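Here the structure comes first, spelled out in structure tokens, and everything after it is commentary.
The values are calculated or read from the model by the stated rules, or taken from the named source; none is laboratory data. Being a predicted model, the structure only gives us computed values, none of them experimental. Every residue, glycine as well, gets a Cβ built from its backbone with ideal geometry; the counts of neighbours run over all protein chains shown. Just so you know, the surface numbers come from the protein's heavy atoms only, side chains and all, with ligands and any DNA or RNA stripped out. Shrake-Rupley method; radii C 1.70, N 1.55, O 1.52, S 1.80 Å.
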Amino acid sequence: MKNVKILAIDTSCDETSVAITQHRRVITNIIFSQVKLHQQYGGVYPSLAKREHKSKIDPAINIALKRAKIALGAIDAFAVTFGPGLPPALEVGVEKAKALSQKHHKPLIPVDHIEGHLYSPFVQNKNGKPLRNFDFPMLSLVVSGGHTELVLMKKHLNYQVLGQTLDDAAGEALDKAARMLGFGYPGGPIIEHLAKNGKATKYSLPTPMLGTKNLDFSYSGLKTAFKRLLSKMSQQEKLKNLHHLCAGFQTVVINSLLHKLKLALKQTKVKTITLVGGVAANQSLRQQTRILCQKYDVKALFPPYKYLNTDNAAMIGVVASYKFQHKIYLNNSKVLERQPRTNLDNYVIK
Ligand code: KG4
Ligand code: ZN
């Protein structure tokens with residue numbers, strides 16, 4: 001089983017990624033990012049994303065095979081992100097994976113993009129590093145541009161969504177705040193950079209969902225409060241206080257995430273948590289998660305390599321290996337369709 005070679009594809013948003021994996025080991029992981037292209041629009045432009053994925057998917061596959069020194073015929077199974085994501089973008093990867101699986105008569109393994117993020121802390125390099133155990137039950141805080149979710153995993157491929165955002169995702173909120181300040185996409189890293197020298201308490205912003213006992217998140221109220229705050233400031237005042245504004249916004253986003261993580265730790269009493277998704281690249285969030293986990297004597301795991309925070313096909317290939325072991329794949333790949341909106345609770349292994 002450990003020698004099964006999987007070619008995995010992810011085109012769910014703005015990265016065309018192809019990886020070749022062997023169980024948890026990544027042989028190659030190719031990422032063609034479209035970030036620069038979409039920057040001028042302040043967000044991901046779907047038809048442009050589709051066009052880019054279409055032009056990059058074959059080169060990505062060819063480079064991945066070449067670097068791994070593997071022929072297409074030697075691949076044992078194909079894996080693809082079928083959702084959630086931008087429909088025109090997902091379509092490119094799904095159609096390519098279907099065609100490859102049909103042509104080479106190999107199984108097709110559909111993977112949910114969020115499952116990929118959940119497995120990202122366990123992806124290993126070619127030499128099998130880092131060696132990490134899956135300690136079940138495990139709690140994951142998924143914080144990306146499209147999702148903010150707390151997911152409990154009791155065993156492999158078994159997911160229980162304990163809470164999720166009622167409106168915007170945390171990454172989306174950071175992106176929107178950055179846009180209000182006149183910055184491009186993606187806003188999270190820009191806000192993190194500027195926040196380093198800022199005083200978070202200079203402006204008072206509400207920490208979302210602080211008074212609630214459930215595990216859901218919400219960022220639309222904060223977005224409105226930030227907009228109102230900016231509307232009262234002159235351009236000059238905004239420019240002079242950019243660091244403080246970024247620090248203030250980032251701090252309340254982080255506080256809201258930590259508040260819900262703390263509640264979930266108390267409820268579930270798990271001993272291992274993971275912090276995954278694009279926003280998990282944020283150093284303040286990582287540091288404060290570590291502090292919280294130390295206090296509760298809980299092990300905190302983050303994606304071990306930088307590329308694993310943002311979208312990549314390596315994590316999709318690793319999930320696919322577990323699915324292959326559990327015989328969760330399609331022999332007739334024609335039936336697979338992209339699903340822009342998915343729900344992890346729907347495909348739980350009992
Ligand atoms: O997981 P991801 O690459 O794509 C989705 O599946 O959505 O996450 C992208 C999100 C964007 O909202 C981006 O602003 C945010 O992750 N992000 C960050 C940082 N790096 C990326 N947010 C805060 N701090 C960062 N360093
Ligand atoms: Zn993602």
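Listing for the model above:
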quantity: Protein accessible area in the stretch 27-156, 1.4 Å probe - carbon and sulfur %; calculated: 54 percent
quantity: Rounded percent of accessible protein surface that carbon and sulfur make up, the stretch 215-282, 1.4 Å probe; calculated: 53 percent
quantity: Debye, to nearest 20: dipole size of the stretch 104-153, +1 on Lys, Arg Cβ, -1 on Asp, Glu Cβ; calculated: 340 debye
quantity: Convex hull volume per residue for the stretch 1-100, taking Cα atoms only, in Å³; calculated: 94 Å³
quantity: Using alpha-carbon coordinates, inclination of helix 220-231 to the longest axis of the chain, degrees; calculated: 50 degrees
quantity: Chain lengthening between residue 291 and residue 210 when straightened (0.36 nm per residue, less Cα-Cα); calculated: 27.2 nm
quantity: FRET efficiency for residue 283 and residue 105, using Cβ-Cβ distance with R0 set to 41 Å, rounded to 0.05; calculated: 0.30
quantity: Inter-probe distance in nm under a simple model that places probes 7 Å from Cα toward Cβ, at residue 167 and residue 235; calculated: 2.9 nm
quantity: With Cα atoms, 0 to 90° folded angle of helix 314-325 axis to the chain main axis; calculated: 50 degrees
quantity: Sum of -39500 (n - 2.57) over DSSP H runs of 4+, divided by residues of the chain (222 nm, nearest 500); calculated: -13000 deg cm²/dmol
quantity: Loop trypsin sites (Lys or Arg not before Pro), the stretch 28-137, which have at most 15 other Cβ atoms in a 10 Å radius of their Cβ (DSSP); calculated: 69, 126
quantity: R0 of 25 Å, Cβ-Cβ distance residue 332-residue 55: FRET efficiency to nearest 0.05; calculated: 0.30
quantity: Helix 87-104 axis, angle to the chain major axis (alpha carbon atoms, nearest 10°); calculated: 20 degrees
quantity: Surface accessible to a 1.4 Å probe, per residue, for the residues of the chain, Å²; calculated: 44 Å²
quantity: Quotient of C-alpha Rg and 2.2 N^0.38 Å, computed over the stretch 242-337; calculated: 1.41
quantity: Residue 133/residue 4 FRET efficiency (R0 30 Å; Cβ-Cβ; nearest 0.05); calculated: 0.90
quantity: Relative contact order [Cα under 8 Å, 6+ residues apart], the stretch 110-231, whole percent; calculated: 19 percent
quantity: Length added when fully stretched, residue 202-residue 47, from 0.36 nm per residue minus Cα-Cα; calculated: 51.7 nm
quantity: Residue-by-residue Karplus 3J(HN,Hα) for the stretch 65-81, coefficients 6.51, -1.76, 1.60, Hz, glycine and proline x; calculated: 5, 5, 5, 7, 6, 10, 8, 4, x, 8, 6, 8, 7, 10, 10, 8, 6
quantity: Alpha carbon centroid spacing (whole Å) that separates the stretch 2-78 from the stretch 219-238; calculated: 39 Å
quantity: More than 39 Å apart - percent of Cα-Cα pairs taken over the chain; calculated: 14 percent
quantity: Separation of alpha-carbon centers, the stretch 303-349 and the stretch 274-294, rounded to whole Å; calculated: 24 Å
quantity: Separation of the residue 33 and residue 266 label points, Cα + 7 Å toward Cβ, nm; calculated: 3.9 nm
quantity: Fully extended contour minus Cα-Cα distance, from residue 154 to residue 76, at 0.36 nm per residue; calculated: 25.2 nm
